[in-house]
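Okay, so here's the structure we're looking at.
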Amino acid sequence: MIYKITVPTVAEDVEEIRVLEWHGAAGQDFRAGELVVELETHKALVEVRAGQSGVLRRVLCQDGEWAKVGIPLALFSDDAVEPLPENAELARDLAVDFVVD
């Protein structure tokens, strides 16, 4: 199955978060609890950890980019050989939310 990590809601007044650093590249496996990406608001650092095992398949927002709450940051899958849609927009629409801590 294809999953997506989206920009989390961290506070009512926060509309955008900056991607600080990815802790893996496409093709890397993550186990539940592992740090996937660090994000930051103007006031806080936000760690996004995998809530389930999966493979990082495609990063949609690069380090340093700002993204609005709810926007997909990356695509994951259960395994590395599952085909991803060629069109990133289609992949964003088809993917279900990846469980994050």
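Please go through region 33-43 and give me each residue that is without any contact (Cβ under 8 Å) to a residue 40 or more places away in the chain, among the aliphatic types (A, V, I, L, M) and either surrounded by fewer than 15 Cβ atoms within 10 Å (Cβ to Cβ) or in contact with a Phe, Trp or Tyr (Cβ under 7 Å, 6 or more places away or on another chain) (or both), ordered by number. Result: Val37, single match.
Residues are listed down the side, and each one gets a yes or a no for (1) within 13 Å of the chain's Cα centre (by Cα); (2) surrounded by 11 or more Cβ atoms within 10 Å (Cβ to Cβ); (3) without any contact (Cβ under 8 Å) to a residue 24 or more places away in the chain:
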residue: Leu45; (1), (2), (3): no, no, no
residue: Gln62; (1), (2), (3): yes, no, no
residue: Ser77; (1), (2), (3): yes, yes, no
residue: Leu84; (1), (2), (3): no, yes, no
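On the given criteria, is Ala95 modelled with pLDDT under 90 and surrounded by 15 or more Cβ atoms within 10 Å (Cβ to Cβ)? Criteria met by Ala95. Residues that are in contact (Cβ under 8 Å) with a residue 24 or more places away in the chain, touching a Gly at 6+ places or on another chain (Cβ under 9 Å), hydrophobic (A, V, I, L, M, F, W, C) and within 16 Å of Val81 (Cα to Cα) do not occur anywhere in region 9-26. Within region 28-43, the presence of at least one residue that is closer than 24 Å to Pro85 by Cβ, assigned to a strand (DSSP E or B) and of a type in the set (A, V, I, L, M) is confirmed. In region 23-56, how many residues are within 15 Å of Asp79 (Cβ to Cβ) and hydroxyl-bearing (Ser, Thr, Tyr)? Adding up the residues that qualify gives 1. Provide a single number: the residues in region 2-22 that are closer than 17 Å to Phe76 by Cβ and either at pLDDT 85 or above or not in a loop (DSSP other than H, G, I, E, B) (or both). Residues meeting the conditions: 7.
The values are calculated or read from the model by the stated rules, or taken from the named source; none is laboratory data. On a predicted model such as this, the values are computed, not experimentally measured, just so you know. Glycine gets a Cβ as well: all are built from the backbone with ideal geometry, and neighbour counts include every protein chain shown.
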